[in-house]
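Inspection log for the structure reproduced underneath, given as C-alpha cells.
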Amino acid sequence: MARLVAKAVSKTYGATKALRRGDLEVEAGEVHVLIGSNGSGKSTLCKIVAGSVRPDSGELLLDGKPVTINDPQEAKTYGIGIFYQELSLAAHRTVAENILLSNLPGGVFVDRKQLVATASRYIALFDGVTGEGFSAGATVEALRPDQRQLVEIMKALSTEAPILIFDEPTSALDRAQVDRFFDILRRLKAEGRSIVFISHRMDEIFALGDRVTVIRDGETVATKRIDETDAAEVIRLMVGGESAGMETAARAPAANKAAAQTVLSVGNLSGVGFHNVSFDLAAGEILGLGGLHGQGQSAVLRALFGASPPSSGSVSLKGEPLDANSPRATIKRGVAYVSGDRRRDGVIAGRPILENVTPIHALKQRLALAAPSSLRDRAKPALEALRTKFAGFGHPISSLSGGNQQKIVIARWLIDRPDVLLLDDPTKGIDLSAKTDLFQLIRKLAAEGMAIVLYSSEDAELLGNADRILVFNGGGVTRELTGADRTAFNLYQAAYEAA
Amino acid sequence: EDFKIGLSNGWVGSEWRTQMIEEAQAAAAAWKEKGHNVEVVVQSANVDVPGQIAHVRNFISEGVDAIIINPNSPTAFDPVFAQAKEAGILVIATDAEVSSPDAMYVGIDQKAWGAAGAEWLAKTLNGKGNVVAINGVAGHPANEMRVAGYKEVFAKHPDIKIVNEVNANWDQAQGQQAMQNLLATYPDIAGVWVQDGMAAGAWKSIMDANKSDQIAATGEIRKDFIDLWTKDKLNSGASVNPPGVMASALNVAVLLLQDKELKEPATAGQYGNAMYLDIPFIDSSNLAEAAKQVEGKPGYYSYTDQLSIEEAEALFK
Amino acid sequence: MAALKAPLMVALLLIVLLLALGEYLSPGFASAQQILRLLIVAALMGIVAAGQNLVILGGREGIDLSVGGVVSLAAIIAGNLMSGQDSGILLAVLGCLAAGALIGLINGIGVTLLRIPPLVMTLGMLGVLQGLLVVIRNGIPSGRAAPGLSGFVTQPLFLGLPGIIWLWIAIGLLMAFLLRRTILGYRIYAIGSNEQAAFMAGMPVKTTRILLFVLSGMFAAIAGICLLGYTGSSFANVGEQYMLPSIIAVVFGGTPLSGGKGGYTGTMAGAILLTVLQGILTTVNIDESGRQMVFGATLLLLMLFYGRGQALRT
Amino acid sequence: MSDIAIAPPKTAGHGLKRAIERFPFLPALLILVVLLVLNGLYQPRSVSLVGITGLVKTYLALMLLAVAQTYVVYAGDIDLSAGAIVSLVNVSIITAMDALGGGTSAVLLGLGLGLLVGLACGIVNGIVVAALRLQAIVATFATSIFFTGLALYVLPVAGTPAPTAFWRTYGGRILDIPFVMYAAVLLAVLLLVLARTQLTTRLLAVGDDQQAAYQSGLPVTRIRITGYALAGLFAALAAFCITGDTASGDPLVGGKMTLNSVAAVVLGGTALAGGFGTVTGSVIGALIIGLIGSLVFFVGTPSEWQNLVQGVAILVALMVGILVSRGARR
Ligand SMILES: Nc1ncnc2c1ncn2[C@@H]1O[C@H](COP(=O)(O)OP(=O)(O)OP(=O)(O)O)[C@@H](O)[C@H]1O
Ligand SMILES: Nc1ncnc2c1ncn2[C@@H]1O[C@H](COP(=O)(O)OP(=O)(O)OP(=O)(O)O)[C@@H](O)[C@H]1O
Ligand SMILES: [Mg+2]
Ligand SMILES: [Mg+2]
C-alpha cells in the first residue's frame, strides 16, 4: 500500500487554476520525482500535502487512510516534513533555532544546550561543504543563499518525518553540496523513508529518482519508473504536443565576432565579491560568465549596472568612461540588466502590465505624462518579439504565468534598444519553451549588433549561446574559454580549479 | 528674604496656560520692590500624569521653597505632595483642585464657574427653552466640576431642558463641528452652555447658520472673542477663569513662606483645602470694560484678574 | 463583493447607510445644508489625508504622524501672515506651503537618507512641532483669518458649494491625474509595490519618497490654512485631531498601510464616512463613555470591510 | 541571488559589532549613562539615592508599558491601545478596591481583577489583529477608543483614592530599601526569565517572517494573540505602578503613555518591523525619555523652549540610536 496518496487534488486562485487534478502516489523507501514546467502546480501540490495550502477538492490518504490536514503543524504530526521552494527561515534567528523552530527543545523554556546539540547533528551531515561562517550560532541573515538552502534542508531533515518533500532544494547549491545532499537522500531512502523530490535539472532527476510523476497544466499526466524512461520522454510528457524547438537551446553559437568594434571595456574592476576583472566586449558578441555558482559573476554584472557600484577599476562604454554609480545613470548610457530573480528585481507586483513594461522607456525618453495609448503602441513590438502571452495591458502582471512575467520584464529593456545587455541568470525558474524563446531573441539581438554579457547557472545555456566564456572562481576570472575550448569538460574543470 | 518657587504646568495646548505662566513670572518679579528676591523655576510641557509627578520630584531635587502646580489630575499627586511636604516644601495647586491634605488650592471654584454661566443663561432664556452643552474632555476633573455646576442650576429650572451634551475636548474646531451637528438636528435650540475656547467655535457655527439672534450662548474671555462679541452684539455671557490665578497663588505662597498666617484658613471645597478667588463675570453690562482691558493685546490674550500683593496681604493676619 | 473597486463602493454604500441612520436617529441630520457642512469638515480631513495617502502608497511602512503638527503650525503661520487682511492671503499661502514642504523635506530626508522608519521619524517630528508651536505662540501676535479665506471655506462660491469643496474636488482630480496619468504616479506605485524592482528600473526611489513626504507636508499645510478659515482664528494644537483619523480615512478608502495599491478617490469617500460617523455620534444623546465605545466598536466593524491581511493558509 | 562568497571583512570595530549584535541596547545604554552624568552635573541631587528612587518610581510604569509594547513589536505588530489599557486597569482596580472596602484582601482581589482586565484587553487586541487580520495600527487605535470609553464608564471622573495600604507600600521602604527597587529587581528577573521562554523565540520568529513561521508549523495566530495578551498583562502591571504612584483612579491617566511606549521601544534598539530586539532596551528607552525631560529642566531651559528642546532631543536620540546600531550591525 502506498504510504502517501493524493487523489484528484485541485486548487484555484481567483481565476487561476493552479492545480486541476493532482495525483501522486509515493511508496515507502523511494525517491519520487515530481516534474513539470513552471507553474504546472508542483509546489501547490506539495503545499497542499504539507498543510499550508487549502485544497478545493480531492483526497489525501496516508497508509491508505483518508486524512484531512488543516495546517502545517498538523502535517508534522502526520509525519510529513517539507523543504519549501521559497524557504521558510527567520532571518534574525540562529541556524540552530531555525532548524528546530517548530520543535524547540525544552518545555516553557528553551533548552539552549540541547538546541545546539540537536541542531549540530544535522549540521554535521553537511560537514565540509557548508562554507565559511556556517555554524549553529550564526544568524541566517548573515548566510549566503546556498547556505540558507542548506538550513532549510536541515530543517526538513530535523522533522525526522517518514515522508519528506523537497521542492527544488538544489537550485542554489554547488556541486559538492548537491553530491552530499544526494548521499543523505539515498541513506534516508534506504531507511525506508518516502521522498518527494522536485528539480528542473534533468541530470539530477535521473541520478536520484526511482519513479517520476509528470505534471502538466495542473494535471498529473503520467508516472513512470526512472529506469523505464528517458529524458526525451519526460520532456515530451511535460510539454505535451509541442515538443519541437526544444533542441534550439543547444545549437552551436554564431560565428566569432571578435573583429567587431569594442563596446564595453572593463579594466581591473573590483568590488564586493569580485576583484580585478577585465574584459572587452565587442558589438554583436555574447560573452558568457561561467564557473561555480556564486563566484562573483552576478556581483560583476550588478556592479556594471550600478546596482552596487564597484570600488575600483575602470569601465568604458563606446570609448567614454562609464560612471556606474546607479542603475539610473547606466540605463541612460545604454546599459540594460535582466535579473533572474524577477520577484525581487523585476516585477512590480499588483500593477498593470503597462506600468511594468514602460519604466525604462519613460526614463530614456524623459516622459512626464503617461499617455496609455501611445505607451501601448511603443511596448507592443517588444512584447511580440518575445512571443509574450497576455490578455491586455490593463491586467495586473501577477495575472500572468512566471515565464510571461519575465518576458514583460525583459521587454521593458527592448522598447528603446540598449547597447549593452547584462543577463544575470535570466532563465532561473522559467520553463523550457520560455527559455527557447528567450535565447532565440538573444541571439537575434546579438546578430543585430547588441553586446551581451550572459551569466547562467546552467552550463548548457552558456555552452550553447556564448561566443566566449570567462570562468569565475573566488571572485576573479581564472580561465577564458574561446572557440573549440568551449566544452563542458573544460568548463567543469576550470570551475573546480583552485582560484 | 529670598525664595525659590517652582511652577509646574502639565499642558501647553493653549495660550491661556502661557499667559498664566507669564503673569506668575511677572508677579514674582514684583516682589523685588518689597525687598524679596523671588526666583521662579518653570517646568511647562505636555506631559502625562507621571511626567508631571516627575516635575514635582525635579523640584524637590532642585530644593525649591514652594511648588505651584496646575495639576493634570486632582488625586494623583497625593503621594508625591506628601514627599514634598516631608522635604519642607509648600505646595499650592491652582486652576484645578487637588485632594492632597499636604497641599492647598488657590484658584476659582470650577463648579461655581460652571454655575455662573448657567445662571446667566437661565436668566437670559427666562427660565425656559432647549439647551445643549458642549463640554471639555470627558473625565477631566475641571470639566466634570463645571458640568456639575451647570446641571445643578438647570435642575432648578424645570422648563429648561438639556437636550444633548457633547464633548469637544476644549478644542475650538471640534466645538465648532459639534455645534454645527447639533444645530442641524436640534432646530429649536435656545441656549448653549459651552466653555472656554470651544465657545468661539460654537459661536462661529451659530453665526454661520444665521442663528445668532435666536440663540443665547456662553462665551469666553480671549480678546478675539471679546472683539467679535462687541462687534456683532452677541447674546453672550462669560464666567472668567483668569490666567492670573497662578500669580494669585504665587502671591499667597510668598506670604505663607514669610510665615504669615491666613485670617481664614483654606478649608473650602470638596477636599477642604481650598481658598477660592472671586469669579468675575462678563456680560453685556460690562463688556466694554473688559474690551478695554484687553485692548492692544494679541488676539489670544485672555481677560485676566489676579490678587495683587496688597490684596493678598489683606487676607493675612 | 468580488468587485475590484470594492473599497470605494463599500465606503459610498456605508455613507448612504449612515446618513439614513443619522436621519432616523436625529431628524435633520441628512438635510442638504447639514450634508454640505459635513462635507466642509470632511474636506479638511480629506486634504490632510491626501498627503497621508501618498506617503502610504509609497510603501516601506510609509506613514506621516506629523501631519497634525503641520496643520497647527500652518494655521498659526497663516493667521499671522494674513492677520485678517485679504491682501495677506497670498503671502500666507506661500509661507505655509514653504513651511509644510520644509518639514516634509526633513521627514523625507530622515526616512530615506538616514533610513529612520517613517513611524519613528514622523512621531519624533510631531514632538518637535509641538514644541515649536509653543515657542511660536509665545512671542507672535494674534492671527485671524482674512474674510476672504473664511468666506472661501464656509460661504457658497459656485453652484452653492463653498470654495473648499471645489478645492477638494480639484485636489481629487489632480491626485487622480497624478496617480493614473503621469510617470510620477507610476513611479509612486512602483516604489510602493517593489522598491528594489523600481530601483533596478532606474527610478529615483529616494527622491520620489522624499517628494511624497514634501507633498504630505504641503497638503497638511493647505489643510491648516483652510482650518484657519473654518475656525476664523488660529489657536494651538488645532491639528491634533487629524493625526490618526487621516490614516483611518486612507484605510477606509481602500489603501492598505502596506502601500503600493489603492488611490485617493476611495480616501475621499473614507474621509466623508468618518466625518458622518463622528457627526452622528455627536447628535445622539448618550454619555461620552457610550459614544467612545460605540465609535471604537464601529471603527472595528467597518475595518472588517477593508484591507484585511492575507490569510496564512491560502 | 547576491552571489557573494567573500567573508565579511574583519575590521577594528569587529568586537563592538558583535557586542551590539548580541546586545542591541548598548547604544541606548550609552545615551542613558550620558544623560545620568549630565543630570548629575546640573543637579547632583537628581542622581542621589532619593533622586534615582524617584526616577524609578515615576517611570516604572512607562518601563513596564514599553516592555508590553515590545512583546507586540517582537511579532511585527504594534499596540496603540496600551495607554488606554493602563487607564482601564487603573480605574477598574481603584473601583474594585473601593467597593471591597479597601482592606488587604480588597487590594489583592483588585490586583487580580486588574490582571484579568489587562489580559482580556490584550486578547481582544490579539483577536482583532491576528485572528480577524485587521491592520494593527488602525485596529488598536480603534480598540483604544473603545477601552477609553469603557474606562470613562467605570469611573466617569478622576478621583476615588486608592487604599492607603496599597500606595504606602508602593511608595514606602522595606528593610530601608525603597519598595520600587524590589519591584525593579523583580522586573529584571521576570524579563530574564521571559527572554528564555519558547514564547519569546516564537514571537521573534513570527516577527521575522510570518508566512515562513506558519509554514514551519508554528501556530502563528495563537502566538500573536499570546503576544498581545502578554502585553495586556504588562500594561496591567504598568497600571499597578501608576496606581501606586498616584494613589487614585483617573480614566485618562494612561492615554499619553502610548506613543511614549513606542518611542521607548525604538530608543531601545528594537526593530518596529519585528523579529529583532530586547526588552532591556525598552526599559532603558523609557528611562531615557524620563531623563531627557528632567535634564531639559535642570539645565535651565526657559519654559517656552522646554517642549521644543525636549522634542528635538528625543528625535535626535531616536536617530542616533537607530544609526549607531545599524552602523554597527552592517
Ligand atoms: N500570484 C498570482 N496571483 C494570481 N494568479 C497567478 C499568480 N501567479 C500566477 N498566476 C496565474 O497562474 C497562471 C500560470 O502561471 P505560471 O507561472 O505558473 O505559468 P506557467 O505555466 O509556468 O507559464 P510560463 O511559461 O510563463 O512559466 C498564470 O496565467 C496566472 O494567471
Ligand atoms: N498564492 C498564490 N496565489 C495565486 N496564484 C498562485 C499562488 N501560488 C501559486 N499560484 C499559481 O498557481 C500555479 C501553480 O504554481 P506552483 O507554484 O504550484 O507551480 P510550480 O509547478 O511549483 O512552478 P515552479 O516550477 O515555477 O516552482 C502558478 O500559475 C502560480 O502562479
Ligand atoms: Mg514550485
Ligand atoms: Mg511559471
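The values are calculated or read from the model by the stated rules, or taken from the named source; none is laboratory data. Quick caveat: nothing in here was measured; it's all calculated off a predicted structure. Cβ: placed from backbone, ideal geometry, glycine included. Neighbour counts: every protein chain shown. Heavy atoms of the whole protein, side chains included, go into the accessibility calculation; ligands, DNA and RNA do not. Shrake-Rupley method; radii C 1.70, N 1.55, O 1.52, S 1.80 Å.
Note on chain B: helix-only mean residue ellipticity at 222 nm, from DSSP H runs of 4+ residues weighted -39500 (n - 2.57) and normalised by residue number, equals -13000 deg cm²/dmol.
Between the residues C:Val134, C:Gly151, C:Ala99, the greatest Cα displacement towards the positive end of the dipole of region C:29-313, with unit charges on the Cβ of Lys, Arg, Asp and Glu, is found for C:Ala99.
Based on a Kirkwood Rh over C-alpha pairs, give the Stokes-Einstein translational diffusion coefficient of the protein assembly as shown at 10 °C and viscosity 1.306 mPa s in µm²/s. Intermediate results must be reported in sequence, preceding the final value.
Details: Rh = 35.0 Å.
After rounding, the answer is 45 µm²/s.
In debye to the nearest 20, how big a dipole does region A:455-499 give about its Cα centre with +1 on each Lys and Arg Cβ and -1 on each Asp and Glu Cβ? Mind dumping the intermediate values first?
Numbers: 3 positive and 7 negative charges, 21 e Å.
Value, rounded to 20: 100 debye.
Evaluating 6.51 cos²θ - 1.76 cosθ + 1.60 at θ = phi - 60° for every residue in region A:200-208, the Karplus couplings come out as 8, 9, 4, 4, 4, 4, 7, 6, 10 Hz, glycine and proline recorded as x.
Working from label points 7 Å from Cα in the Cα-to-Cβ sense, the D:Arg196 to A:Arg344 distance is 3.8 nm. Short-range pairs are left out: with C-alpha atoms under 8 Å and at least six residues apart, the relative contact order of region A:309-408 is 28 percent. Between B:Asp232, B:Asp95, B:Asp196, the GNM of chain B built on Cα springs shorter than 10 angstrom shows B:Asp232 fluctuating the most.
Over region A:4-239, average the accessible area per residue using a 1.4 Å probe and give it in Å², no decimals. Can you show the working numbers first?
Values: 9140 Å² over 236 residues.
Value for region A:4-239: 39 Å² per residue.
Put simply, the amide H of A:His275, placed in the peptide plane, has neighbours under 5 Å in A:Gly476, leaving out anything fewer than 5 places away on its chain. Each listed q (0.12, 0.13, 0.16, 0.19 Å⁻¹) maps to a log10 I(q)/I(0) for region D:46-181 from the Debye sum over equal C-alpha point scatterers, namely -0.57, -0.66, -0.93, -1.14. Please name which of A:Ser298, A:Phe393, A:Gly133 has its Cα lying farthest along the dipole of chain A towards the positive end, using unit charges on Cβ (Lys, Arg +1; Asp, Glu -1) and the Cα centre as origin. Sorting the options by dipole projection puts first A:Phe393. Distances between every pair of Cα atoms in region A:12-150, grouped in 10 Å steps from 0 to the bin holding the largest one, split as 10, 32, 31, 22, 5 percent.
For B:Asn130, neighbours were defined as the other residues whose beta-carbon sits under 14 Å from its Cβ, and their charges (Lys and Arg +1, Asp and Glu -1) total 0. Think of it as helices only: each DSSP H run of n ≥ 4 in chain D is worth -39500 (n - 2.57), and spread over all residues that comes to -24500 deg cm²/dmol at 222 nm.
In terms of Cα atoms, the Rg and Dmax of region C:246-288 work out to 12.7, 41 Å. With Cα atoms as the point set, the radius of gyration and Dmax of region A:4-239 evaluate to 17.6, 55 Å.
Taking a ≥ b ≥ c as the square roots of the eigenvalues of the Cα gyration tensor of chain D, is the shape rounded (a/c under 1.5), prolate (a/b larger than b/c) or oblate? Could you put the intermediate results ahead of the total?
Numbers: a/c = 1.86, a/b = 1.20, b/c = 1.55.
Cα axes put chain D in the oblate bin.
Scalar couplings 3J(HN,Hα) for region B:119-134, obtained by applying the Karplus form with A = 6.51, B = -1.76, C = 1.60 to θ = phi - 60°, are 4, 4, 5, 4, 5, 4, 8, 6, x, 8, x, 8, 10, 10, 10, 10 Hz; x denotes Gly and Pro.
What do you get for Rg/Rh of region A:27-91 when both radii come from the Cα atoms and Rh is the Kirkwood radius? It would help to have the intermediate numbers written out before the result.
Working: Rg = 12.6 Å, Rh = 13.1 Å.
Using Cα coordinates only, the ratio equals 0.96.
When Cβ neighbours within 10 Å are restricted to other protein chains, what is their mean count per residue of peptide B:130-142?
On the way: counts 0, 0, 1, 0, 1, 1, 0, 4, 12, 16, 5, 5, 2.
Whole-number average of other-chain Cβ neighbours for B:130-142 is 4.
When the convex hull of its Cα atoms is viewed from all sides, region A:276-322 shows a mean projected area of 3.8 nm². If you take the Cα centroid of region C:256-270 and the Cα centroid of region A:358-385, the two points sit 26 Å apart.
Under a 5 Å amide H cut-off, with hydrogens placed 1.01 Å from N, A:Arg21 pairs with A:Glu219, A:Thr220 among residues at least 5 apart or on other chains. The order of the peptides D:92-98, A:16-22 by mean Cβ neighbours within 10 Å, most packed first, is D:92-98, A:16-22.
Our note on the geometry: Cα centres of region A:449-499 and region D:49-87, 59 Å apart. Determine the sum of side-chain charges near B:Asn235: Lys and Arg each +1, Asp and Glu each -1, restricted to other residues whose C-beta is under 11 angstrom from that of B:Asn235. Around B:Asn235, the surrounding residues sum to -1. Which of the residues in region B:20-56 show a loss of at least 20 Å² in accessible area from their chain by itself to the complete set of protein chains, at a probe of 1.4 Å? Residues passing the criterion (a loss of at least 20 Å², heavy atoms only) are B:Glu22, B:Val42, B:Gln43, B:Ser44, B:Ala45, B:Asn46, B:Val47, B:Asp48, B:Val49, B:Pro50, B:Ile53, B:Ala54.
For region A:345-499, the relative contact order works out to 19 percent when only alpha carbon pairs closer than 8 Å and six or more residues apart are counted.
Straight Cα distances below 17 angstrom link B:Lys233 to the aspartates and glutamates B:Asp208, B:Asp213, B:Glu220, B:Asp224, B:Asp283, B:Glu289, with same-chain residues fewer than 8 positions distant left out. Each part reduced to its alpha carbon centroid, region B:1-43 and region A:172-206 end up 81 Å apart.
With +1 on the Cβ of every Lys and Arg and -1 on the Cβ of every Asp and Glu, and nothing else charged, how large is the dipole of chain D about its Cα centre, in debye rounded to the nearest 20?
Details: 17 positive and 11 negative charges, 146 e Å.
The dipole of chain D has a size of about 700 debye.
Accessible surface for chain B, divided over its residues, is 34 Å² per residue with a 1.4 Å probe.
Please report, in debye to the nearest 20, how large the charge dipole of the protein assembly as shown is about its Cα centre when each Lys and Arg carries +1 at its beta carbon and each Asp and Glu carries -1 there.
3220 debye
In this rough spin-label picture, where each label sits 7 Å from Cα along the Cβ direction, the A:Ile184-D:Ala273 distance is 2.8 nm.
Which log10 I(q)/I(0) values, to two decimals, does region A:257-496 give at q = 0.09 Å⁻¹ under the Debye formula with one point per Cα? The Cα Debye sum returns log10 ratios of -0.36.
Could you work out which residue, out of D:Thr169, D:Thr226, D:Thr140, moves most in a Gaussian network model of chain D, that is, has the largest mean-square fluctuation with Cα springs under 10 Å? Maximum among the listed residues: D:Thr169.
Ordered by 1.4 Å accessible area with all protein chains kept, A:His293, A:His32, A:His395 run largest first as A:His395, A:His293, A:His32. As an exercise, use a Förster radius of 35 Å and the Cβ-Cβ distance of B:Glu39 and C:Leu157 to find the FRET efficiency, rounded to the nearest 0.05. Efficiency, from the Cβ-Cβ distance: 0.05. Residues within the reach of a label modelled at C:Arg115 (point 7 angstrom out along Cα to beta-carbon, backbone nitrogen below 20 Å), restricted to region C:199-230, are C:199-213. Mind scanning A:Lys42/A:Lys407; A:Lys318/A:Lys435; B:Lys111/B:Lys211; B:Lys34/B:Lys263; B:Lys161/D:Lys256; A:Lys17/A:Lys65 and naming the pairs with a C-alpha gap bigger than 32 Å? Result: B:Lys161/D:Lys256 exceed 32 Å.
By the compact-protein rule of thumb, 2.2 N^0.38 Å, the alpha-carbon radius of gyration of chain A corresponds to a ratio of 1.01. Ranking A:Leu317, A:Thr330, A:Ser278 by how far each Cα lies toward the positive end of the dipole of region A:257-496 (charges on Cβ) leaves A:Thr330 at the top. Largest accessible area first, the listed residues D:Glu304, A:Glu285, A:Glu141 line up as A:Glu141, D:Glu304, A:Glu285 when surface is computed with a 1.4 Å probe on the assembled protein chains. Note on B:Lys128: accessible area approximately 120 square angstrom, rounded to 10, probe 1.4 Å, nucleic acids and ligands left out.
The label-point distance for D:Leu108 and A:Asp217, in a model that sets each label 7 Å from Cα toward Cβ, rounds to 7.4 nm. Relative contact order, whole percent, for chain D stands at 35, derived from Cα pairs under 8 Å and 6 or more residues apart. So what's the net charge close to C:Thr283: Lys and Arg +1, Asp and Glu -1, counting the other residues with Cβ under 11 Å from its Cβ? Taking every Cβ under 11 Å from that of C:Thr283, the sum is 0. Placing one identical point scatterer on every Cα of region A:368-440 and ignoring solvent, what is log10 I(q)/I(0) from the Debye formula at q = 0.24 Å⁻¹? The computed values of log10 I(q)/I(0) come out as -1.23.
If you plug the beta carbon distance of B:Glu313 and B:Ala112 into 1/(1 + (r/R0)^6) with R0 = 41 Å, you get a FRET efficiency near 0.95. Burial annotation for region B:172-199: residues with an accessible-area loss of at least 40 Å² between the isolated chain and the complete set of protein chains, computed on heavy atoms with a 1.4 Å probe, are B:Gln172, B:Ala173, B:Gln176, B:Gln177, B:Gln180, B:Asn181, B:Ala184, B:Thr185.
The candidates B:Glu264, B:Glu62, arranged from most to least accessible area with a 1.4 Å probe in the full protein assembly, appear as B:Glu264, B:Glu62. Using every pair of separate Cα atoms, the Kirkwood estimate puts the hydrodynamic radius of chain C at 19.9 angstrom.
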